[in-house]
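Down below is the structure, laid out as structure tokens.
The values are calculated or read from the model by the stated rules, or taken from the named source; none is laboratory data. Treat the numbers as computed from the prediction; the structure is a model and nothing was measured. So basically every Cβ, Gly included, is an ideal-geometry build from the backbone, and we count neighbours across all protein chains shown. With ligands, DNA and RNA removed, areas are computed over all heavy atoms of the protein, side chains included. Shrake-Rupley method; radii C 1.70, N 1.55, O 1.52, S 1.80 Å.
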Amino acid sequence: MSSLAEWNAPDTVAQAPKSLLGRIIAVFDAVKESDGCASITDIAVRTRLPKSTVSRLVTELTAQRYLARTDEGIVLGLRLFELGARASLPRRLIGAAAPVIRNLRETTGERVVLWIQQGDDMVSLAAVPGRLPTLPTVAGMRSPVLTTASGKAYLAFCDDQRIVNRISAPLVAVAARRFREELTHVRAAAVAMDIEMSYPGIAAVASPVLSPDRVVLGAISLAGPSDVMDPHGVAPLVRAASSNVTRRLAPA
């Protein structure tokens, strides 16, 4: 008996994708277009690929959680949904944090930035300027995770030990031990500090932004002149701002 995909196949024969990436995308599209659940035969007909090729691709994609097998057939896997959620993260974070960081800037007069982690850097999603004109306040600026307050605030709450290990790998034994001890203190206080370690004359305080289920998403930092700004005095304000963003991210 022909499958539904075979019965509805168009008369014009489309050319099968030749590149590996093209074939993978075609498999995803085939699963999506078959109401989210497909057989190997369905996918082969829709992609114009041999069943053996489809079977191999499905096996590999299932092992990486991009696809999953159910009693009904092959479905899109959790890893695709995780990537989709991560892609929408910047927009959701900015929406939740925008009024919070503006209020923190109005209260302190210092530069406030919302950061997320990418590779070895913290990348700014939004920023408002403070009394230090030398500090950039554009979206997309990068600062090292290893030395900045925002980076340490993120790493202290990062559950993926591989990320922490990779970032701290350049440190020698003694420095690495001290760094991990510092992260322990940061996790206990929910506040990280950088006093002229990254930039001369500048002190920064940061606190992690957590999802409602306590997964670290990024960090909010406040930076000002180290000879004027009291980092311990502003720390509770930064911590309260991050907690406020977490509350605003919670579903209504």
**Net charge of Cβ neighbours under 14 Å - reference residue 199; Lys, Arg +1; Asp, Glu -1** = -2
**Prompt:** Rolling a 1.4 angstrom probe over the protein heavy atoms, how many square angstrom per residue are accessible across the chain?
**Reply:** 54
**Item:** Cross-link partners of residue 18 among lysines (Cα-Cα below 23 Å; sequence separation of 8 or more within a chain)
**Value:** 32, 51
**Prompt:** Nearest 10 degrees, 0 to 90: what angle lies between the long axis of helix 51-63 and the longest principal axis of the chain (Cα atoms)?
**Reply:** 30
**Message:** Given an 8 Å cut-off on Cα distances and at least 6 residues of separation, report the relative contact order of segment 123-252 as a percent.
**Reply:** 23
**Accessible area of the chain belonging to carbon and sulfur atoms, whole % at 1.4 Å probe** = 56
**Fill in**
Checked against the structure, the computed log10 I(q)/I(0) by the Debye sum over Cα atoms at q = 0.08, 0.09, 0.18 Å⁻¹ among (1) -0.32, -0.40, -1.39; (2) -0.30, -0.39, -1.67; (3) -0.46, -0.54, -1.21 is the one labelled (3)
**Complete:** Note to self, the chain gives a 222 nm [θ] from helices alone (DSSP H runs n ≥ 4, -39500 (n - 2.57) apiece, / all residues, nearest 500) of -15500 deg cm²/dmol
**Item:** Under-5 Å amide H pairs with residue 211, H placed in peptide plane, nonlocal only
**Value:** 216, 217
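Give the relative contact order (percent, whole number) for segment 19-69; include only Cα pairs under 8 Å separated by 6+ residues. Walk me through the intermediate numbers first.
Details: 28 pairs, mean separation 13.7, N = 51.
Taking the mean separation of contacting Cα pairs over the length of segment 19-69, I get 27 percent.
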**Complete:** Applied in sequence order to segment 202-216, the curve 6.51 cos²θ - 1.76 cosθ + 1.60 (Karplus, θ = phi - 60°) yields integer Hz couplings, x standing for Gly and Pro, of 10, 10, 9, 10, 9, 9, x, 9, 10, 6, x, 9, 6, 9, 6
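What does the net charge come to around residue 147 if you take all other residues with beta carbon closer than 12 Å to its beta carbon, with K and R at +1 and D and E at -1? All intermediate terms of the calculation are to be shown ahead of the outcome.
Values: positive: 152; negative: 120, 121, 182, 194, 196.
It works out to a net charge of -4.
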